[in-house]
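This report concerns only the one structure given below.
The values are calculated or read from the model by the stated rules, or taken from the named source; none is laboratory data. All values reported here derive from a predicted model rather than from experimental measurement. Here the Cβ is made from the backbone with ideal geometry for all residues, glycine too, and neighbour counts use every protein chain on show. All accessible areas refer to the heavy atoms of the entire protein, side chains included, with ligands and DNA or RNA removed. Shrake-Rupley method; radii C 1.70, N 1.55, O 1.52, S 1.80 Å.
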Amino acid sequence: MRTTLVTLAVLACSVATAAEPAKTPNVVVIVADDLGSADVGFQGCKDIPTPHLDALAKSGVVCTSGYVSCPVCSPTRAGLLTGRYQQRFGHENNPRFLPDDKEVGLPLDQVTIADALKKVGYLTGAVGKWHLGAHPSFHPNRRGFDEYFGLLGGGHQYFDHNQFKTDPAKAKQEYFIPLLRNDKPVEEKEYLTDALGREAAAFVTAHKKEPFFLYLAFNAPHTPLQAPDKYLDRAKAIDDEKRRKYAAMVCGLDDAVGKLLATLKEHQLTENTLVFFFSDNGGPASVTNSRNTPLRGEKGQLYEGGVRVPFVVSWPAVLKPGQFADAVSSLDVFPTAVAAAGGEAPKGVTLDGVNLVPHLKGEAKTSLADRALFWRTGGGTNISVRKGSYKLVRMGKKPAELYDLSADGSEKTDLAGTKADIAAALQKELDAWNATLVNPKWAPLNAPPKK
Ligand code: CA
């Protein structure tokens with residue numbers, strides 16, 4: 001009798017798993033910083049070993065046309081965390097590190113994905129790079145995150161984090177500020193990427209019994225190029241010194257992701273955890289010798305190399321592994337995660353993305369193939385739209401260029417002259433979108449200082 005009951009219970013469990021996840025999933029969003037689109041194994045990279053990221057890709061859906069909403073760090077994060085084009089609320093340029101400035105940061109009237117998931121009972125944590133305002137009012141703990149560990153600015157030293165103790169001036173320099181646990185400075189001994197992996201794993205272990213949302217935002221492999229020997233050894237076959245250091249940092253990122261994935265597995269959470277992975281923008285190839293090949297351009301540009309990134313969605317209980325070719329966006333993370341969690345879009349807010357799950361399952365009533373995705377930087381200095389396989393892009397004062405990405409993924413053959421009707425139709429959509437945006441709330445970093 002006892003055996004029979006146990007058997008029945010096991011059967012009931014497995015039926016529940018096969019049909020529908022037993023409970024709402026945990027949600028983990030992993031963001032790399034300035035990772036080249038060609039610099040992980042699952043994107044074809046040969047010289048940097050990334051076994052853990054490749055395993056994640058293999059467990060889920062690789063979105064081969066995955067985009068972020070900006071080719072630089074902070075605006076992409078603002079769009080990701082709000083589910084809205086960041087130009088709708090003026091978060092269009094990277095912010096300076098200004099701890100005394102209440103204006104420069106993710107506007108406080110914007111609802112974050114952490115706010116939305118908290119509302120449906122999720123325990124929320126952010127680990128890593130914030131870069132959404134340095135004033136205390138913008139702190140992650142006040143933007144929906146129950147727990148925080150990391151660096152508030154746009155980047156950081158990877159070693160020797162405690163210089164602020166002997167040199168007080170360092171405590172105010174963006175790349176030297178103390179690392180924080182919630183709002184308390186901490187002394188940290190580990191290589192920063194290792195520390196972020198450790199904290200992410202500890203967060204999972206601490207909250208394994210509740211639905212959780214973890215936003216794990218690495219600053220790697222963003223400059224400064226600094227890596228310990230254990231990772232440099234893995235990249236020693238690379239002759240170019242800059243790329244070798246960059247590659248070593250990617251190895252560190254891969255290990256940290258591996259640590260997190262192993263912790264999910266240890267607690268039997270892999271099946272019902274929805275994991276996203278992507279880079280916040282393309283690789284700055286001219287700075288770090290990262291690679292976006294065969295895409296054109298790099299970080300900062302609206303050519304594909306600036307905004308098209310490695311992009312994985314894994315949720316083994318629900319999504320079959322494979323590839324998805326229609327364009328998807330980091331703006332889709334918010335609606336996807338909130339729908340999976342049984343939550344709702346914030347009241348009165350129109351999210352700009354879609355719930356990807358029905359699309360990735362092949363069960364959606366509508367197609368994403370003809371959805372338009374838009375980009376604008378510098379208040380309109382550069383602007384672009386992709387719809388279907390066509391992309392219209394205008395960089396600075398140059399005339400708008402038109403590319404057919406299905407035949408010309410490297411944006412080499414400008415069709416603006418020969419397919420003027422398509423260019424005009426896309427321009428019209430771009431103008432209509434542009435008319436819904438506001439001016440940037442602060443100037444770009446390279447703008448001349450105000451007199
Ligand atoms: Ca970045």
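Here is a yes/no grid of residues against (1) closer than 30 Å to Ala285 by Cβ; (2) at pLDDT below 95; (3) open to solvent by 10 Å² or more (accessible area, probe 1.4 Å):
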residue	(1), (2), (3)
Gly305	yes, no, no
Asp326	yes, no, yes
Gly343	no, yes, yes
Lys347	no, yes, yes
- Qualifying position, being surrounded by fewer than 19 Cβ atoms within 10 Å (Cβ to Cβ) and away from the ligand (no atom under 16 Å from the Cβ), among Val127, Val120: Val120
- Message: Looking only at segment 265-320, how many residues end up being in a loop (DSSP other than H, G, I, E, B), of a type in the set (Ser, Thr, Tyr) and under 24 Å from Pro224 (Cα atoms)?
- Response: 2
- Item | Selected residue (only one of Val338, Val312, Val318 is open to solvent by 10 Å² or more (accessible area, probe 1.4 Å) and more than 16 Å from the ligand (Cβ to nearest atom)) | Val318
- How many residues are within 16 Å of the ligand (Cβ to nearest atom) and among the β-branched types (Val, Ile, Thr) if we restrict to segment 292-309? 2
- Query: Looking at this structure, is Ala407 aliphatic (A, V, I, L, M), out of contact with any Pro (no Cβ under 9 Å at 6 or more places or on another chain) and open to solvent by 80 Å² or more (accessible area, probe 1.4 Å)?
  - Reply: yes
- Item | Ala400, sole failed condition from (1) in contact with a helix residue (DSSP H, G or I) (Cβ under 7 Å, 6 or more places away or on another chain); (2) in the same structural domain as Thr273 (by TED's automatic domain parsing) | (2)
- Scan (1) under 17 Å from the mean Cα position of the chain (by Cα); (2) of a type in the set (Ser, Thr, Tyr); (3) closer than 25 Å to Pro224 by Cβ for the single condition Thr112 breaks and write down its number. (3)
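So which residues in segment 251-271 are touching a strand residue (DSSP E or B) at 6+ places or on another chain (Cβ under 9 Å), away from the ligand (no atom under 16 Å from the Cβ) and open to solvent by less than 30 Å² (accessible area, probe 1.4 Å), if there are any at all? Working first, answer last.
Keep residues of segment 251-271 that are touching a strand residue (DSSP E or B) at 6+ places or on another chain (Cβ under 9 Å), which gives 253, 256-257, 260-261, 264, 269-270.
Now narrow it down to the ones that are away from the ligand (no atom under 16 Å from the Cβ): 256-257, 260-261, 264, 269-270.
Matches in segment 251-271: Ala256, Val257, Leu260, Leu264, Leu269.
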- Message: Being within 16 Å of the ligand (Cβ to nearest atom), open to solvent by 40 Å² or more (accessible area, probe 1.4 Å) and modelled with pLDDT of 95 or more: is that true of Phe97 here?
- Response: yes
- Query: Looking at segment 81-123, which of its residues are within 18 Å of Tyr148 (Cβ to Cβ) and among the charged types (D, E, K, R)?
  - Reply: Asp115, Lys118
- Message: Can you tell me which condition Glu92 does not meet? The list is (1) within 25 Å of Leu260 (Cα to Cα); (2) charged (D, E, K, R); (3) open to solvent by less than 10 Å² (accessible area, probe 1.4 Å), and all the others hold.
- Response: (1)
- Message: So for segment 256-264 (the condition being more than 27 Å from Asn94 (Cβ to Cβ) and among the small types (Gly, Ala, Ser)), does at least one residue qualify?
- Response: yes
- Within the set of pairs 6+ apart or on separate chains, which have a first residue in segment 79-103 that is closer than 20 Å to Ile177 by Cα, a second that is surrounded by fewer than 24 Cβ atoms within 10 Å (Cβ to Cβ) and among the polar types (S, T, N, Q), and C-beta atoms under 7 Å apart? Lys102/Ser137
- Selected residue (criterion: surrounded by the fewest Cβ atoms within 10 Å (Cβ to Cβ)) from residues of segment 26-81 that are assigned to a loop (DSSP other than H, G, I, E, B), over 10 Å from the mean Cα position of the chain (by Cα) and β-branched (Val, Ile, Thr): Thr64
- Message: Checking Val287 against (1) more than 16 Å from the ligand (Cβ to nearest atom); (2) surrounded by fewer than 21 Cβ atoms within 10 Å (Cβ to Cβ); (3) at pLDDT 95 or above; (4) not polar (S, T, N, Q), only one condition comes out false. Which one?
- Response: (1)
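Give segment 410-451 a look and list any residue that's over 25 Å from the mean Cα position of the chain (by Cα), within 24 Å of Asp352 (Cα to Cα) and open to solvent by 40 Å² or more (accessible area, probe 1.4 Å), or say none. Can you show your working first?
First, the residues of segment 410-451 that are over 25 Å from the mean Cα position of the chain (by Cα): 412-429, 431-432, 435, 447-451.
In the following step, the residues that additionally are within 24 Å of Asp352 (Cα to Cα) were identified as 422-429, 431-432, 435.
Across segment 410-451, the qualifying residues are Ile422, Ala424, Ala425, Gln427, Lys428, Glu429, Asp431, Ala432, Ala435.
Is segment 242-251 home to any residue that is closer than 28 Å to Leu98 by Cβ and modelled with pLDDT of 95 or more? Steps first, please.
Looking only at segment 242-251, we keep the residues that are closer than 28 Å to Leu98 by Cβ, and these are 249.
Of the ones still in play, those that are also modelled with pLDDT of 95 or more are 249.
Within segment 242-251, one or more residues are closer than 28 Å to Leu98 by Cβ and modelled with pLDDT of 95 or more.
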- Message: Which pairs turn up if I take residues in segment 186-206 that are at negative phi and look for partners that are of a type outside the set (Gly, Ala, Ser) and open to solvent by 60 Å² or more (accessible area, probe 1.4 Å) with beta carbon separation below 6 Å, at least 6 apart in sequence or on another chain?
- Response: Gly197/Lys259; Ala201/Lys259
